[in-house]
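Reviewing the structure listed below.
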Amino acid sequence: MSKKKVVLAYSGGLDTSIIIPWLKENYDCEVIAFVADVGQGEDMEEVAVKAIKTGASKVVVKDLREEFLTEYVWKCLQAGAVYEHKYLLGTSMARPIIAKYQVEVALAEGADAVAHGCTGKGNDQVRFEHAFLALAPELQIIAPWREWTLKSREDCIDYAEAHQIPIVASKTKIHSRDRNIWHISHEGGELEDPAQAPLDSTWQISNSPKAAPDREEEVEIGFAKGVPVSVNGQALPAVQLLDLLNEIGARNAIGRIDLVENRFVGMKSRGAYETPGGTLLLLAHRELEALCLDRDLEHFKEHVGLKYAELVYNGLWFTPLRASLDAFVASTQEEITGTVKLSLYKGNVSISSRKSEYSLFNADIASFTMSESYDQKDAAGFIKILALPARARGLNRKKKAAEVTR
């Protein structure tokens, strides 16, 4: 093919490390590595140096942590988006912002194409490519995993060794991991057998319940219009706030999940996830909504959260539906302001306190003590009206039964 300039979403992991020389060999192209800092905890300078050493002509690094949290993670948090009961969408939320800035770099650099290291079996290929096509459909897309002859991570390791590319993965350390400020995911190795428990060494950032402190730890999280703004009374910007909650949650063994999930491409897969701070935020936000939202809105919003999670998981961030759901969710958060205190102990979370000036909980009404705020006699009429259809059916059955016995 003709000479190209390709911008690769580069992490420095096994797949993207070998993609740079592969692109140059197979496309005779210049490769620009785009490195997105979404809080993976790595030295970005070292990642950039590695990209140059393996053949990149240029490296562009962008710190996206603040925007990732405020424009992507917090939106999913406010929506209550959880995929298949457990997954807090850590990888799913990061892909659209990475793709957005990868496209921006490609257009600024006059590139012909964008490339990614996603496999042809995974969800990430959809997430990246849907974003590319939505934002810059004129760019060509190169997906090496769908083109090359490599079939496994072992093959990739052999390729890296043959090209003298330094990698962390080995044939005895075969897990595939994705990390950002919200979570870390683990796939491969023993996790490919759903009957086998994760190894102790699989978990990377959180204590096991056995290693967690032998005493409860309380943490208070403050929200303003559904956005987390403080921890233990201290106002913090988004990145510092989540870093602190990750530290607190991780030492108390909070946020580990083991999940068999339905991938968008049609297969079931198994992964392990650690989301310590995110788990605390989700639980606290949910409790504050329970205090402040009225019944019909709260129940309807649960449906919206399920749909929102499905859209994000499936890679459909840049769609009118997702944007429209954002508008609805934002309207529900106007009065989600207050504090929730959580008690943490060896992987368990209990609620110690919920406070909000917008609380709809009225002790005078809800109390067992009789008061003028609620006349129990009114309940009789309410129940009779509610039960009119049931009463009509009951009378009809009774009438028919009497006719049969005649």
Residue-normalised value, i.e. accessible area per residue, for region 110-159 at 1.4 Å probe, in Å², stands at 42 Å²
Per the rule of 0.36 nm per residue minus the C-alpha distance, extending residue 146 to residue 397 adds in nm 84.0 nm
Answer in debye to the nearest 20: the dipole magnitude of the chain about its Cα centre, from +1 Lys/Arg and -1 Asp/Glu charges placed on Cβ, is 1820 debye
Under a 1.4 Å probe, counting only protein heavy atoms, residue 50 has an accessible area in Å², nearest 10, of 40 Å²
Carbon plus sulfur, as percent of the 1.4 Å-probe accessible area of the chain, comes to 52 percent
Quick calc, residue 348 & residue 377: beta-carbon distance into FRET formula, R0 30 Å, rounding 0.05, result 0.10
Under the Karplus relation with 6.51, -1.76 and 1.60 and θ = phi - 60°, whole-Hz ³J(HN,Hα) for region 322-338, x at Gly and Pro, equal 4, 5, 5, 5, 4, 4, 5, 4, 4, 5, 6, 9, 4, 10, 8, 10, x
For region 65-140, using Cα atoms only, the Rg and Dmax in Å read 13.6, 43
By accessible area (1.4 Å), largest first, 206, 176, 324 order as 324, 176, 206
Placing +1 on each Lys and Arg Cβ and -1 on each Asp and Glu Cβ in the chain, then taking the dipole about the Cα centre, the residue among 111, 235, 345 whose Cα reaches farthest towards the positive end is 345
Here the chain gives, from Cα atoms, an Rg and Dmax in Å of 26.0, 96
quick note, the chain, DSSP beta bridge pairs, % antiparallel (nearest 5) is 70 percent
Checking region 310-406 for GluC sites (Glu not before Pro) in a loop per DSSP with at most 16 other beta-carbon atoms within 10 Å yields 334, 357, 372
Averaged per residue, the 1.4 Å probe accessible area of region 178-332, protein heavy atoms only, in Å², is roughly 45 Å²
When the chain is treated as a Gaussian network with springs between alpha carbons less than 10 Å apart, the largest mean-square fluctuation among 112, 243, 378 is found at 378
Computed on Cα atoms only, the convex hull of region 269-372 has an orientation-averaged projected area in nm² of 9.6 nm²
Sorted by chain and number, the residues with a modelled amide H under 5 Å from that of residue 188, at a separation of 5 or more or across chains, are 176
In Å², rounded to a whole number, the accessible area per residue of region 1-109 with probe 1.4 Å is 37 Å²
quick shape note, region 156-298: Cα extents on principal axes in Å, largest first -> 58, 33, 32
Cross-link reach from residue 377 to lysines, straight Cα distance under 20 Å and at least 8 residues apart if same chain, gives none
With bins of 10 Å, the percent of all Cα-Cα pairs of region 54-95 per bin from 0 is 24, 41, 20, 13, 2
Computed on Cα atoms, Rg of region 1-99 relative to 2.2 N^0.38 Å comes out at 1.26
Stretched fully, the stretch from residue 235 through residue 164 gains (0.36 nm per residue minus C-alpha distance, one decimal, in nm) 20.8 nm
Given 25 °C, 0.890 mPa s and a Kirkwood radius over Cα pairs, the Stokes-Einstein diffusion coefficient of region 81-187 in µm²/s is 157 µm²/s
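The values are calculated or read from the model by the stated rules, or taken from the named source; none is laboratory data. As the structure is a computational prediction, the values presented were derived from the model and not from experiment. All Cβ positions, even for glycine, are placed from backbone atoms using ideal geometry, and neighbour counts span all protein chains on display. These accessible areas exclude ligands, DNA and RNA; they are computed on the full protein's heavy atoms, side chains included. Shrake-Rupley method; radii C 1.70, N 1.55, O 1.52, S 1.80 Å.
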